[in-house]
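Student: Pasting a structure below so you can have a look.
None of the figures in this text is laboratory data; all of them are computed from the coordinates on show. All values derive from a computational prediction rather than experimental measurement. Cβ sites come from the backbone with ideal geometry, for glycine too, and all protein chains shown count toward neighbours.
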Amino acid sequence: MSEANGERLHIRLHVYDTDMSVTVPREDEELYRRCAKLITDIVNSYSAVFKGRKSDKEILYMALIDIALRYEKESKRHDAMPFNDILRKLTSEIEEALK
């Protein structure tokens, strides 16, 4: 099977304190590995500050919120909808002026 028709790869990821076996599309392997590292780094950061004062579950939730916030901010930065609206309005105005 080639990448074009969906070759999948069985890999092991280390995420914080857990080793996981996952099957991923071959072309996404590096992304999965980077994501596992990001999660581990963020959880380690929160653990360094809150270990012993917060439960492991709360620390994991803090890390999830951190990652989700990063995702939302990045999504907002790349939201093309406002630009598309402006282009539609300008196009309408130009077409109206050319009539």
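Student: Which lysines have a Cα lying under 23 Å from the Cα of Lys73, excluding residues fewer than 8 positions away in the same chain?
Tutor: Lys37
Student: A further question follows. Starting from the Kirkwood Rh over alpha-carbon pairs, what translational D in µm² s⁻¹ does the chain have by Stokes-Einstein at 25 °C and 0.890 mPa s?
Tutor: Stokes-Einstein gives a translational diffusion coefficient of 142 µm²/s.
Student: Mind listing the phi-derived Karplus ³J(HN,Hα) values for the stretch 55-64, rounded to whole Hz, using 6.51, -1.76 and 1.60 with θ = phi - 60°, and x for any glycine or proline?
Tutor: Couplings: 6, 4, 4, 5, 5, 5, 5, 4, 5, 4 Hz.
Student: Can you work out the FRET efficiency for the pair Ser21 and Ala68, with r the C-beta to C-beta distance and R0 = 41 Å, to the nearest 0.05?
Tutor: It comes to 0.95.
Student: When the helices in the chain are scored as -39500 (n - 2.57) per DSSP H run of 4 or longer and the sum is shared across all residues, what 222 nm value do you end up with, to the nearest 500 deg cm²/dmol?
Tutor: Calculated at 222 nm, the ellipticity per residue is -21500 deg cm²/dmol.
Student: Here is a follow-up. Whose amide H sits under 5 Å from the amide H of Tyr16, counting only residues 5 or more places off or on another chain, with H placed in the peptide plane?
Tutor: Those qualifying (amide H under 5 Å, at least 5 residues apart or on another chain) are Thr40.
Student: Taking only Cα atoms, what is the 0 to 90° angle, nearest 10, from helix 81-98's long axis to the longest principal axis of the chain?
Tutor: In the chain, helix 81-98 runs at an angle near 10 degrees to the longest axis.
Student: Here is a follow-up. Provide the per-residue ³J(HN,Hα) series for the stretch 13-30, in order, calculated from phi with Karplus coefficients 6.51, -1.76, 1.60 and θ = phi - 60°, each as a whole number of Hz, with x at glycine and proline positions.
Tutor: With the stated coefficients, the stretch 13-30 comes to 10, 9, 10, 6, 10, 10, 9, 10, 9, 9, 10, 10, x, 3, 5, 9, 3, 4 Hz.
Student: Charges at C-beta only: +1 for Lys and Arg, -1 for Asp and Glu. How large is the resulting dipole of the chain about its Cα centre, in Debye rounded to 20?
Tutor: Dipole magnitude for the chain comes out near 420 debye.
Student: Take Glu95 and Phe83, extend 7 Å from each Cα along the Cα→Cβ direction, and tell me the distance between the two endpoints in nm.
Tutor: With each label placed 7 Å out from Cα toward Cβ, I get 2.1 nm.
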